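> Let me give you the structure first, and then I'll get to my questions.
The values are calculated or read from the model by the stated rules, or taken from the named source; none is laboratory data. Remember, predicted model here, so these are calculated numbers, not experimental data. Here the Cβ positions follow ideal geometry from the backbone for every residue, glycine too, while neighbour counts run over all protein chains shown. Areas reflect the complete protein model, heavy atoms only, side chains present, ligands, DNA and RNA absent. Shrake-Rupley method; radii C 1.70, N 1.55, O 1.52, S 1.80 Å.
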Amino acid sequence: MSDAAFTLPDRDRFARHRQISWWNQDLLARAVVIVAGCGALGNEVAKNLALVGVGTLVLVDFDRIERSNLVRSALFTEADIGQMKASVAAEAVRRIYPAARAIAIAGDLACDLGLGLVRHADLVFGCLDSIHARFALNRLALRAGTDWLDGGLGVDALQVALYSPSGGACYECQVTAEMARRFANRYSCAGLARPDQAPGVPTTAVTASVAGALMVEEGLARLHQRPGGLAPGQRLTLQLAPYRLTVDELPADPDCCAHGVIPDPIERAAAPGRVSARDLLGSQPGEVDLGFDLVVGLDCPRCGRTPMAIPRSRLTRAAALCPICGSERAPDWTRRIGDEILLAGRPLGDLGVPDHHIVEVLGSRPRFVELDGAILPEDPAIAPAGRKEGRS
Amino acid sequence: MSDDTLTLTLRTLDKSRHAQVTLPVDYTVEELIEASRHNWALPRDTDYVLRSERLGRQLGARDALGSAGVATGDILEVVPLLEAGTRPLDARTAHGR
């Protein structure tokens, strides 16, 4: 018997995967994926991604774990109640697959997930629970040039859709008048978010589990560039009672304003904590577009103005009430920081700009600048997998 | 049967509700969804789309049935857009806050 025939299969965690002809475990180890939303569906997706050996998972959720989450969320226990969903999910991912790099962003999609991070991701899994969050993720992913999968759950049905900057309809192409009305209801006349207090939609661990499995199956097909899955702009609907599966092409809206990828080249700069708008502008006149609305002051009709710097999506209607007289204060916000604004000299991190965000510098030499951060290596040549292989 | 009308089978995704309807060709998808909501008392806090069984695609909300490629004898299904999680605010509730 030759030495070459002697193997130790039990030592290879992924031995069964390697028996699959098209499977590429190294590609999965290099993959960077984002799981947006760590509720029931996000739990299932993160669990499956950890089991198949995805190397880097970024888990995003601003919410805390409640008792009612425990009947649908495989990664949460009684002891986790009150903890941040993203942090607990990241810990669970590391328990399932210790070699995984699981990064928690306990924050809001709209302002805490850097656009550059989405750009460097191979795929985004949308495990969200509202049209508002889907709008935000759709804009981020299309702008970053990254495919995203959107999962939705009902009691005995589920849906998975694929949206891509490469073509096809996007989530926003599907907006109906009813959706627009509900979207508008989320915000007060002053543009501040109202808290969601309505009861949750009934779902079970069963639909979450099936949808999570289908999303990861689809994700594996995308990462391996394997044909046969959803095409961009298609949605799969699975009805469980009675059993039925349909795949539909979604109508693209030629006037949809969500489409458009940030063009290359994108310059690099220091992390948001170490660079200001003034640094990016240099000696040239101009403005820095943050890519989100920044509240720079709250104006009370009786007590005057309170300066501040906070992303608008983080400011609730309750927080906008004047602490002195109780009047509703009007927010004053901007997307652009010019050299003349006092905030221009402050680090962008103080203004709520997240690590790895991409800002647009508008001046004599307009350009996009990606800021560094703690999540990705400072070297821009990170090794993307699957679809983006060979891009940078 | 007039060229100005289409006779269709309309049903929900789970097939629990169905109807034979004759509609003008310029009737829009959005109007048909709204009529389905009304007639079948579908939940107001869910968004719906219409899919054509024969065409294998979702129909554009603003399209007229005739221009969307719908033909007499087609089966159209009212499909909910599934969201999961927290239900966004109802307009009446929102005004109260």
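> May I ask for the percentage of alpha-carbon pairs in the range B:5-81 that lie more than 14 Å from each other?
Here the long-distance tail beyond 14 Å is 54 percent of all Cα pairs in the range B:5-81.
> In addition: Compute for the range A:1-152: radius of gyration divided by Kirkwood radius, i.e. Rg/Rh, restricted to C-alpha atoms, rounded to two decimals.
Computed over Cα atoms, the ratio is 1.05.
> A further question on this structure: List the accessible area buried at the contact between B and A, summed over both sides and calculated with a 1.4 Å probe, in Å² to the nearest 100.
By this definition, chains B and A bury close to 3300 Å².
> Take the alpha carbon gyration tensor of the range A:202-338, find the square roots of its eigenvalues, order them as a ≥ b ≥ c, and report rounded if a/c is under 1.5; if not, report prolate when a/b exceeds b/c, else oblate.
oblate
> If you restrict to DSSP beta bridges whose two residues both lie in the protein assembly as shown, what percentage is antiparallel, to the nearest 5?
Bridges in the protein assembly as shown that DSSP calls antiparallel: roughly 70 percent.
> For chain A, report the accessible area per residue in Å² (1.4 Å probe, heavy atoms, rounded to an integer).
Counting only protein heavy atoms, the per-residue value for chain A is 44 Å².
> For a quick check of your reading of the filter: which GluC sites (Glu not before Pro) in the range A:2-88 sit in a DSSP loop and have no more than 14 other Cβ atoms within 10 Å?
A:66
> Express in whole angstrom the spacing between the alpha-carbon centres of the range A:275-344 and the range A:84-155.
27
> Just by accessible area at a 1.4 angstrom probe, what is the order of A:10, A:293, A:299 from largest to smallest?
Sorted by accessible area, descending: A:10, A:299, A:293.
> Sticking with this structure for a sec: Kindly sort A:215, A:84 by accessible area of their heavy atoms, largest first, with the probe set to 1.4 Å.
Correct descending sequence by accessible area is A:84, A:215.
> What nm distance separates the two modelled labels at residue A:83 and residue A:13, each placed 7 Å from Cα along Cα→Cβ?
According to this spin-label approximation, the distance is 2.0 nm.
> How much length is gained if the chain between residue A:22 and residue A:299 is pulled fully straight, taking 0.36 nm per residue apart and subtracting their Cα-Cα distance, in nm to one decimal?
Gain on stretching residue A:22 to residue A:299: 93.7 nm.
> Now, a different point. Mean shadow of the protein assembly as shown, computed from the convex hull of its alpha carbons, in nm²?
28.7
> A follow-up question, please. How do A:175, A:160 rank by accessible surface area computed with a 1.4 Å probe, from largest to smallest?
These residues rank, largest area first, as A:175, A:160.
> Three principal axis extents, largest first, for the C-alpha atoms of the range A:102-243, in Å?
Dimensions of the range A:102-243 along the principal axes of its Cα atoms: 47, 41, 32 Å.
> Something else: For chain A, with only Lys/Arg (+1) and Asp/Glu (-1) charged at the beta-carbon, what is the dipole magnitude about the Cα centre, in debye rounded to 20?
Here chain A has a charge dipole of around 340 debye.
> Where in chain A are the helices, taken as whole DSSP H runs, whose Cα atoms extend 18 angstrom or more along the long axis and whose Kyte-Doolittle mean reaches at least -1.0?
Within chain A the helices that satisfy the rule are A:40-52, A:131-144, A:205-223.
> For peptide B:6-13, compute the average count of partner chain beta-carbon atoms within 10 Å of each residue's beta-carbon.
If you average over the peptide's residues, the count of other-chain Cβ atoms is 1.
> In addition: Mind grabbing the accessible area of residue A:47 for me, 1.4 Å probe, Å², rounded to tens?
For residue A:47, solvent-accessible area is about 50 Å².
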